[in-house]
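To keep things clear, I will list the structure first and then write my remarks on it.
The values are calculated or read from the model by the stated rules, or taken from the named source; none is laboratory data. In this text the structure is predicted, and so the values were computed from the model without any measurement. In this analysis, Cβ positions are derived from the backbone assuming ideal geometry, glycine residues included, and neighbour counts consider all displayed protein chains.
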Amino acid sequence: MDLRKLKTLIDLVSESNVSELEITEAEGKVRIVKGGGAVVQQYMPAPQQMAQPAQAAAAPAAAPVAAPAPEVPAGHVVKSPMVGTLYHAASPGASAFVQVGSQVKEGDTICIIEAMKILNEIEADKTGTVMQILAENGQAVEYGQSLFIIG
């Protein structure tokens with residue numbers, strides 16, 4: 001399923017009185033559940049093999065194993081406050097707000113996230129040096145996704 005389509009569905013569930021939405025398409029199934037103000041999304045890709053061994057079908061379903069978390073360098077992690085598209089500059093031809101090695105003060109704009117056609121300036125929540133940029137320009141970002149490391 002297209003990432004933009006997923007984002008639109010999540011936004012619709014967040015803003016409506018619907019508490020759960022499940023959609024099945026050829027490429028997989030998406031289930032979005034809203035609970036306590038938060039939206040939880042599950043994506044299950046379509047199975048690649050049609051036939052499954054009988055032994056695997058008889059086994060009880062095990063909880064999914066979480067992938068090991070990628071190593072993040074020491075420092076303060078700036079996380080995305082929303083779902084949207086991240087931009088490193090105010091316009092396509094402009095220079096980036098910050099680069100690796102840039103000094104930032106708390107409250108300085110470090111990027112923009114476009115959500116529902118609104119450009120939201122994301123500010124540094126800590127004073128320091130940008131040690132790493134974890135999201136690319138034009139990349140779709142999720143709520144809570146790590147964007148920058150400030151040391």
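Working only within the stretch 107-135, note down all residues that are acidic (Asp, Glu) and within 14 Å of Lys79 (Cα to Cα). If you could, list the steps in order and put the result at the bottom.
Filtering the stretch 107-135 for residues acidic (Asp, Glu) gives 108, 114, 121, 123, 125.
Selection gives Glu121, Glu123, Asp125.
Would you be able to say whether some residue in the stretch 94-102 is of a type in the set (Ser, Thr, Tyr) and either modelled with pLDDT of 95 or more or farther than 25 Å from Leu6 by Cα (or both)? Among the residues of the stretch 94-102, at least one is of a type in the set (Ser, Thr, Tyr) and either modelled with pLDDT of 95 or more or farther than 25 Å from Leu6 by Cα (or both), which makes the answer yes. Hey, any hits in the stretch 15-35 for a residue that's touching a helix residue (DSSP H, G or I) at 6+ places or on another chain (Cβ under 6 Å), modelled with pLDDT of 55 or more and charged (D, E, K, R)? Yes; the residues of the stretch 15-35 include at least one that is touching a helix residue (DSSP H, G or I) at 6+ places or on another chain (Cβ under 6 Å), modelled with pLDDT of 55 or more and charged (D, E, K, R). Note on the stretch 82-123: among residues that are among the charged types (D, E, K, R) and over 20 Å from the mean Cα position of the chain (by Cα), the one that is nearest to Leu12 (Cα to Cα) is Asp108.
Of the residues in the stretch 103-151, how many are more than 25 Å from Leu6 (Cβ to Cβ), of a type in the set (Val, Ile, Thr) and touching a residue at least 24 places away in the same chain (Cβ under 8 Å)?
Narrowing the stretch 103-151 to residues more than 25 Å from Leu6 (Cβ to Cβ): 103-110, 123-132, 149-151.
Going one step further and asking which of them are of a type in the set (Val, Ile, Thr), we end up with 104, 109-110, 127, 129-130, 149-150.
Subset that is touching a residue at least 24 places away in the same chain (Cβ under 8 Å): 104, 110, 129-130, 149-150.
Going through the stretch 103-151 one residue at a time, the tally reaches 6.
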